[in-house]
Amino acid sequence: MVWVFRIGLGLAVLAYAAWQAWPVVALVSQGVGVSELWGLAGGGSLIGGGTAVAWVTIVLLYAVSGLFTAGGLSWAPGAYFLAFGGEILLGMALSPAGTPPPLIDIAGRTSEALRQAGVGLDPAPLSIAALLATGLVIVALGAWRGWRDAALIRSSAVLPVWG
């Protein structure tokens with residue numbers, strides 16, 4: 001039964017990666033070229049280009065971790081927490097610089113989605129808590145293997161026999 005939760009969680013992580021990438025997908029489907037996308041993502045300068053590359057890497061890591069989670073591969077938590085850490089670092093790097101480019105403004109889109117849903121809270125702590133909880137559930141559902149290659153969700157219900 002754990003595999004059902006694992007596949008569902010993997011699909012949820014893939015949906016989050018798709019939600020992050022949706023502005024780019026929408027622009028590409030409208031016929032916007034790569035050079036125009038690069039400019040919209042802030043790629044006109046060295047720092048803007050690094051920001052765009054970091055954002056693409058984060059989205060790809062979330063997508064890979066969703067696939068790894070659904071497949072039950074042991075690298076799923078590592079890929080997920082790399083993306084999670086990268087997203088936090090990218091947010092911290094962009095916060096003193098002012099407003100990030102609209103194409104990669106994840107916090108702004110989250111704030112807008114919460115405002116439309118009627119939630120008037122700051123999205124940053126909610127997003128971090130939700131993403132951290134998702135990563136911990138990925139670990140607990142057995143994508144990461146613990147002692148004697150037993151999934152954590154199964155070994156936590158029975159005391160280990162040492163010896």
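The values are calculated or read from the model by the stated rules, or taken from the named source; none is laboratory data. Computed from a prediction, not measured in an experiment: that's the story for all the values here. With ideal geometry, Cβ positions are generated from the backbone for all residues, glycine too; neighbour counts draw on all protein chains shown. In case anyone asks, the SASA skips ligands and DNA or RNA and just uses the protein heavy atoms, side chains included. Shrake-Rupley method; radii C 1.70, N 1.55, O 1.52, S 1.80 Å.
Structural remarks
- Within the range 121-163, if we keep just the residues that are in a loop (DSSP other than H, G, I, E, B) and open to solvent by less than 90 Å² (accessible area, probe 1.4 Å), the residue that is modelled with the highest pLDDT turns out to be ALA150.
- In the range 86-100, the residues that are over 15 Å from LEU60 (Cα atoms) and of a type outside the set (Lys, Arg) form Cβ pairs under 9 Å with partners that are at pLDDT below 65 and open to solvent by less than 70 Å² (accessible area, probe 1.4 Å), at six or more places apart or across chains, as follows: PRO100/GLY42.
- Positions within the range 55-66 being surrounded by 17 or more Cβ atoms within 10 Å (Cβ to Cβ) and either in contact with a Lys or Arg (Cβ under 6 Å, 6 or more places away or on another chain) or touching a residue at least 24 places away in the same chain (Cβ under 8 Å) (or both), in sequence order: TRP55, ILE58, VAL59, LEU61, TYR62, ALA63, SER65, GLY66
- Qualifying residue in the range 72-79 (condition: modelled with pLDDT under 65, surrounded by 16 or more Cβ atoms within 10 Å (Cβ to Cβ) and within 18 Å of the chain's Cα centre (by Cα)): no
- Residue match in the range 98-120 (condition: modelled with pLDDT of 80 or more and open to solvent by less than 40 Å² (accessible area, probe 1.4 Å)): no
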